[in-house]
Amino acid sequence: MDIKTLQGDFIEAIFGGDKSSAVSHVIGDDLLTAEQRFGIYKGSVHGILTQALGTMFPVCKALVGDKFFDNMCDLFINEYPPKTTYFAEYGGDLPTFLSTFEHVKDIPYLADVARLEWTRQIVWHAKSVEVADFSALSELNEEQQSNVVFQLAKNMHLIESEFRIDELWFAHQPDTDVKLEDIEINHAVKLIIRKDQGTLKISMMSKDENDRDFWDFLHAISLGYNLERLAEQYGEALGNHLSQGIEGAWIQSFTTE
Amino acid sequence: MSNNTNLIKTALTGIMATGLLAVTSSAMAGKPGMEKCMGVAAAGKNDCGTSEHACAGMSKTDGQAEEWVYVKEGTCTKLAGGKIKVGKAKMK
Amino acid sequence: MKSQNTISTKNPYNKNKIQGCGIGLRIDHFDVIEEQKPDVPWFEALSDNYLLEDTLQRNYLYHIRNDYPITFHGVGMSIGSTEPLNMDYLKRLKKLKDEVQPAWISDHLCWTSAHGVVTHDLIPLPYTTDVAKHIVDRILQVQDFLGEQIVIENVSSYLQFKATDMTEWDFINEVTSHSDCKLLLDVNNIYVSAQNHKFDADEYLFAMPAERVAEIHLAGYEDKGTHLLDTHSRPVTEPVWDLFKKAVKHVGDVPVLIEWDNDIPPLERVLEESATARKYQQAVLSKESPNGH
Ligand SMILES: [Fe+2]
């Protein structure tokens, strides 16, 4: 018997593949068949991972209900088995999974809520890093300057959605006064999620045009646009946006690649 | 090209003028424009956000996925949908 | 030999201070521990929860280890796996160890990951001489890397492999003696497996190498009718208390730990359980002269 094969057969069967090879390694008896005994492990793995996903995505879970969530997780777990030893890193594929999952087509905002919850987790655990010394920018020559690429603060992420997912999220927090019944879900939002002084902030950019423009500017930075390209796109507004970005510590550092 | 070069030069001079070389993340608090619409969730002290690892087994019935339950019994059923409420903004 | 950082030198505890009946450290109890500083002889931290840096959990652990002796207990080592040792995991574990200085590090005699996939569950092994050799090899590598003896725990199981050709207790003796590691004797796991596979728990228990036992685990299982499931969600049951008393007789005055991982009750309830363990342990020790001490 090759233990490597045995472990491969188990992994295959635990995550939704063919069970026959895994079961063939196991002794059955009058109390439980080999398949049932194997099933205890499959159930245990799925139970452990479903619980972890429920902790990571509590709002998604509340939205669809426990039963639906449990069943959905079984399919997700089979499609995306964990490759990481740390629960904090498992579940990042759920938004992608949900965006094509046929049984949630009637609640198309669910994938975005999952994205918000995942982002919340990343932001919450992000290191707070010292802000770079931006005065060094003035020492660069013109060509270097136009090639400068900025990095956003790691404890901040941007999310855009067709739906009012920010209110949806807040409606599920304890002591909230956002009522689910009052949410106008079909309302596009541009959100900034960040950690500040031990609290998590989910901010929606106001209707103020300059604010929304600023969100787009930060978004362009997150896409890796260099100064040349930013100048192209934002023209006269570049100066203001850049000062605001650095002043507010939205922009954390730069590189001159 | 030269227009962009000028824009960049102006922008960078602007940054230097603000003299913000020792900004910390705390300086972000209360910046104008950023938090007009939504509130702040104070994450609880115990809110580590992830499940705990454990060396305990769990049970979840094998084959549950086959008898798929389509019914959503969660809070999504409470969402009204099309209602529009202008100005229902939460200040913080 | 060990790197000394600022945190470690402040810790007043050392290996000798792990004594009596401790409990597993759970996130649910962080606040009450910090606020009330309850009288607990030591905490066992599930190391895998603290391996990512700059997390809230890790900060809590830094605080708690200043007030209590700590041991580490993990599930991610996957010592029985056929894939290469997870060096990222071991490096993180070593760094955390240097910072927190636990009295010892334990993990399970099983596999949790293989072929690049992590199950996060404890899956048993076929018990053969070849598998024992494979594991001895890996334990030696881990001990070499961490620079200390590790502690290996017997697991609960719900299945047996056709390939198995030796008893679980022979397998444990083979592995621990050849790798010269310590043993974490989970009395509840012995009982659960004995019931599930119809073997004699006493025979298993008394075959354990008493001199290698660094720690005893106790927990509560769930009776599923067809099998017992080691859920750590209940109080310790009567038959397990009975087996525990025999275990104390066998191994002597060894630190005991209560594990409670699901349906976690308030801290006081877990402490009640450890007080009960202490009471039974003392009663046995005062009657018997400990033989493994
Ligand atoms: Fe245990």
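Considering only region C:177-293, give the helices (runs of 4 or more DSSP H) lying wholly within it that have at least 1 residues that are away from the ligand (no atom under 15 Å from the Cβ) and within 14 Å of another protein chain (Cβ to nearest Cβ).
C:187-197, C:267-287
I'd like to know if region C:104-114 contains one or more residues that are surrounded by 21 or more Cβ atoms within 10 Å (Cβ to Cβ) and closer than 13 Å to C:Phe171 by Cβ.
yes
Of the conditions (1) touching a helix residue (DSSP H, G or I) at 6+ places or on another chain (Cβ under 8 Å); (2) surrounded by 20 or more Cβ atoms within 10 Å (Cβ to Cβ), A:Asn71 satisfies every one except a single condition; which number is it?
(1)
Scan region C:198-246 residue by residue and report those that are under 23 Å from A:Gln51 (Cβ atoms) and basic (Lys, Arg).
Of everything in region C:198-246, those that are under 23 Å from A:Gln51 (Cβ atoms) and basic (Lys, Arg) turn out to be C:Lys224, C:Arg234.
Please give the number of the condition C:Thr112 fails out of (1) closer than 20 Å to C:Asp88 by Cβ; (2) touching a Pro at 6+ places or on another chain (Cβ under 7 Å); (3) within 16 Å of the ligand (Cβ to nearest atom).
(2)
Only residues that are within 14 Å of chain B (Cβ to nearest Cβ), assigned to a loop (DSSP other than H, G, I, E, B) and over 27 Å from C:Leu85 (Cβ atoms): list them for region A:73-103, please.
If the condition is that a residue be within 14 Å of chain B (Cβ to nearest Cβ), assigned to a loop (DSSP other than H, G, I, E, B) and over 27 Å from C:Leu85 (Cβ atoms), then A:Phe101 is the only one that fits.
Taking only pairs six or more apart or across chains, which ones have beta-carbon atoms under 8 Å, a first residue in region C:200-221 that is closer than 16 Å to C:Ile258 by Cβ, and a second residue that is in a helix (DSSP H, G or I) and more than 15 Å from the ligand (Cβ to nearest atom)?
Listed pairs, sorted by first residue: C:Ile216/C:Val248; C:Ile216/C:Val251.
Which condition from (1) away from the ligand (no atom under 16 Å from the Cβ); (2) of a type outside the set (Asp, Glu); (3) in contact with a strand residue (DSSP E or B) (Cβ under 6 Å, 6 or more places away or on another chain) is the one that C:Asn154 breaks?
Checking C:Asn154 against (1) away from the ligand (no atom under 16 Å from the Cβ); (2) of a type outside the set (Asp, Glu); (3) in contact with a strand residue (DSSP E or B) (Cβ under 6 Å, 6 or more places away or on another chain), the one that fails is (1).
Take the residues of region C:119-130 that are crowded, with 24+ Cβ neighbours inside 10 Å and more than 16 Å from the ligand (Cβ to nearest atom): which is nearest to the other protein chains (Cβ to nearest Cβ)?
Within region C:119-130, the match that is nearest to the other protein chains (Cβ to nearest Cβ) is C:Thr119.
A short reminder: the numbers here are calculations on the coordinates, not readings from a lab. As the structure is a computational prediction, the values presented were derived from the model and not from experiment. Every residue, glycine as well, gets a Cβ built from its backbone with ideal geometry; the counts of neighbours run over all protein chains shown.
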